[in-house]
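Taking it in order: structure first as structure tokens, then the write-up.
Derivation of every value follows stated rules applied to the coordinates shown; laboratory data play no part. Since this is a predicted model, take the numbers as computed values, not measurements. Cβ sites come from the backbone with ideal geometry, for glycine too, and all protein chains shown count toward neighbours.
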Amino acid sequence: MLQQFDPRNKNIKVWVGHRLVERADAKVSVFDSSVQGGDAVWEGMRVYENGVFCLERHLDRLEDSARAMAFESIPTRASIKSAIKATLEANGMTKDTHIRLTLTRGEKITSGMDPRLNQSGPTLIVLAEWKPPVYDNETGIRIMTSTIRRNSPMHVDSKIHHNNLINNILAKIQANHAGVDSALMLDNLGFIAEMNGTNIFMVKNGRLLTPTADACLHGITRGLVIELAQANGVAVEERNISLTELYAADEAFGTGSMGELTPIVEVDGRVLVNRSQSNLTAQLIHWFQGVHEKLSTPLESL
Ligand SMILES: Cc1ncc(COP(=O)(O)O)c(C=O)c1O
């Protein structure tokens, strides 16, 4: 699935640093730590009918990530919210929008890895684009297992939502070469971790299973799906899941802010067969859509 350029985004305004600039001028310095070392943290968020979905949860995770990376300073929540508001207002965006919120460690006084070279504070980027969910959530996606392992806490903790995305990108390249939509990544032990850009769930005999959040991002959509399932009396298991179990799943789907809930129809050439005739993915999509309004922060209160 290849995203296409949306002409509505041709002349968008982007927040970079402390101000809004035209798309053509939306740049960071070559001395910025994101250029030098992927030294930045980020969030992807959706705007639904006049509200930013799960905003506080995303800002909590951004702050946790920046603290884990020992950023010298982190902009206040109020200042991040007002940058988001200004960006959405400048672009007239009230729905169908995806926000990529990035906080880099900022500009360095000279090239180098040492964070002490960052002496002018972090750089905040609010990139809001017109972007409906990116996957085909009607027909679903085909995936394959990548040879690239997802980071474990032994290396770079996947609980930091950082910009060093090379392992995920390498996995996605393998999926592209294989002609499928997404790459499934395993953990160090060979259990399923997540896909290159989304978390993964499977359904077996009416139970909802997902890998423990050890070698995957603790996705906000993932957390919400677990909450919704439990609130509706569905049994949820967070545990190690092997590929063999996934091949025998009745249903499987990916979760993420970019694509919401996306059915998986095929894994490594095996078409999933729903032997228990369950309908949990569709139910979860319904419950998920039902909380959009309740869990969105209205633009006027930003
Ligand atoms: C690797 C990875 N997994 C999962 C997700 C989904 O997380 P969320 O539901 O918080 O959007 C993302 C989103 O950025 C991601 O990059």
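Out of all the residues in region 96-117, is one or more touching a residue at least 40 places away in the same chain (Cβ under 8 Å), within 20 Å of the chain's Cα centre (by Cα), closer than 30 Å to G140 by Cβ and more than 16 Å from the ligand (Cβ to nearest atom)? Yes: region 96-117 contains one or more residues that are touching a residue at least 40 places away in the same chain (Cβ under 8 Å), within 20 Å of the chain's Cα centre (by Cα), closer than 30 Å to G140 by Cβ and more than 16 Å from the ligand (Cβ to nearest atom).
Each row is one residue, and each column tells you yes or no for (1) under 29 Å from T104 (Cβ atoms); (2) within 15 Å of the ligand (Cβ to nearest atom); (3) free of Cβ contacts under 8 Å to residues at least 24 places away in the same chain; (4) surrounded by fewer than 17 Cβ atoms within 10 Å (Cβ to Cβ).
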{"site": "V180", "(1), (2), (3), (4)": "no, no, no, no"}
{"site": "A193", "(1), (2), (3), (4)": "yes, yes, no, no"}
{"site": "L209", "(1), (2), (3), (4)": "no, no, no, no"}
{"site": "T212", "(1), (2), (3), (4)": "no, yes, no, yes"}
{"site": "C216", "(1), (2), (3), (4)": "yes, yes, no, no"}
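May I ask you to list the residues in region 252-302 that are more than 20 Å from G219 (Cα to Cα), in contact with a Leu (Cβ under 9 Å, 6 or more places away or on another chain) and among the aliphatic types (A, V, I, L, M)? Scanning region 252-302 gives V265, V267, L272, L299, L302. Looking across region 245-296 at every residue that is of a type in the set (V, I, T) and in a helix (DSSP H, G or I), the one that is surrounded by the most Cβ atoms within 10 Å (Cβ to Cβ) is identified as T281.
Can you tell me which residues in region 49-80 are at negative phi and within 14 Å of the ligand (Cβ to nearest atom)?
Answer for region 49-80, where residues must be at negative phi and within 14 Å of the ligand (Cβ to nearest atom): V52, F53, L55, E56, R57, H58, L59, D60, R61, L62, D64, S65.
Of the candidates L186, L124, the single residue that is within 14 Å of the ligand (Cβ to nearest atom), touching a strand residue (DSSP E or B) at 6+ places or on another chain (Cβ under 8 Å) and in contact (Cβ under 8 Å) with a residue 24 or more places away in the chain is L186.
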